[in-house]
Every structure is written in structure tokens, then in C-alpha cells.
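Below you'll find the structure, written out as C-alpha cells, and then a few comments.
Nothing in this text is a laboratory measurement; each read-out follows from the coordinates by a stated rule. Everything numeric in this text was worked out from a predicted model, so none of it was measured. Don't worry about glycine lacking a Cβ; one is built from the backbone with ideal geometry, like all the others, and counts go over all protein chains shown.
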């Protein structure tokens, strides 16, 4: 008996993770990228200064405000938003190329960026919202990160309720109380979305070949 796992051409997908700061989407994204070589992180452009350990071109493309606005005005960005006084955006060309070539792309963006992506590439989008298990857990995580001054932490907490109000705009919701369970859930979502019939562009050709072989 012969078993085979045929490769069927498909269109890539855009997997979006959104959450209030501190809910754990960055940890989820990192775990997924480490375990799945078939998905790559979208690298955003931003006017925010680099944090300790961040590398230009790996974590973000760090640009000044004039360069960012030139990219925006030239339609080079799929989405952009202002977050805590800094500009963030997604370069259009590499994303469109990846999807056309059947490669998956992971996004760590907020609800504003997700709405813009939904307007431009709705059929390719898989939207996942990450919630903290409680308000206390969210505040504790923000304090433990020690990346932002106390006034920024306070602003992030104040904004969390507004950000969470957009949960219903997403296809899936993960309550990130146990990281291992959340990672398993995210992997299951990705596996199912890769098998969607309308995403598998080579399926019709494969089925016709299969039918011919059986006749």
C-alpha cells in the first residue's frame, strides 16, 4: 500500500494577531514562528525609536516621519496607524508577493490596521484577537516587561478597554491564560485555514487528475 502527501498549490494567507498591550500576542507570535517554517513575520515600518535589543530590518524598519508619510502618500503601505504618538505601517509589495507565491505572513498589528487590511485583502485574512485572562493579569504583565516608563504603562491600561471592544470584529478569539494552550489553539487555527477549499488554487487540477486516474 502506497501513501502519499501531494503538494497542492494554494494562495498564501495573512494571519493577524491583535490584542491590548500585555495580553501575550508577541509571545504567541514568537512561538508560532519558531515552530512553523512556513510562516514569516511581516516587518512593519515605524517612526518609534528602537527598544533595547531591537534590530532595524528584523524587528521593524525604523524610519523618520517624513519617510513614513512619503510611503503612505505613494500608496506603498497596505495599512497604517498612529499608536501612542508613533506611526506604524505595513509595506504593500512584499505582502502581495508572498500571498501570490503561496507563502503565509504573520501580523502583529492593532484593530485599526486590521480594519484596513480587511478592506484591501479580505479574502486572504485570518483575524485572531488575544484577550488576557483578567485585568489584573494584564497590568502585571505590563509591569513585568519593564520596557516602558510608568506613565506609558498607565496609558496602555487606560486604552485596553477600548482596544478590547473590537474583539467581535475578529474571526477567532484566544483567551491567553495558559500560554501552551493558547499556542496549540493558534496552531489549530492556522492548520484549518490552510485547508480552506477556496484558498487551494491547485485543488481543481488535482481533483481532475485524480478522477482521470480512477476512470
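Things to note:
- Ellipticity estimate at 222 nm from DSSP helix runs (n ≥ 4, -39,500 (n - 2.57)) divided over the chain, nearest 500: -13500 deg cm²/dmol
- At an R0 of 41 angstrom, the distance between the Cβ atoms of residue 5 and residue 140 translates into a FRET efficiency of 0.40.
- 0 to 90° range, to nearest 10: angle between helix 179-194 axis and the chain longest Cα axis: 40 degrees
- Top of 99, 126, 83 by mean-square fluctuation, Gaussian network on the chain, Cα under 10 Å: 83
- Length-normalised contact order of region 14-199 in % [C-alpha pairs under 8 Å, at least 6 apart]: 31 percent
- With both labels modelled 7 Å from their Cα along Cα-to-Cβ, the residue 159 to residue 61 distance reads 2.3 nm.
- Theoretical FRET efficiency, 1/(1+(r/R0)^6), r = Cβ-Cβ of residue 69 and residue 208, R0 41 Å, to 0.05: 0.25
- Pairwise centroid distance, computed over Cα atoms, of region 94-113 with region 155-172, Å: 21 Å
- When P(r) over Cα pairs in 10 Å bins from 0, in percent is computed from the coordinates, the matching label among [x] 7, 26, 24, 20, 15, 7, 1; [y] 8, 36, 39, 17, 1; [z] 7, 30, 35, 18, 7, 3, 1, 0 is [z].
- Crossing angle, helix 25-35 versus the chain [Cα axis fit, 0-90 degrees, rounded to tens]: 40 degrees
- Rounded to the nearest 10 degrees, the inclination of helix 135-145 to the longest alpha-carbon principal axis of the chain is 80 degrees.
- Where a label projected 7 Å from the Cα of residue 120 along Cα→Cβ would reach, residues of region 78-99 with amide N under 14 Å: 78-82, 88-99
- Gain on full extension, evaluated as 0.36 nm per residue between residue 178 and residue 96 minus their Cα-Cα distance, stands at 26.1 nm.
- Computed lengthening from residue 37 to residue 188, 0.36 nm per intervening residue step minus Cα-Cα distance: 52.8 nm
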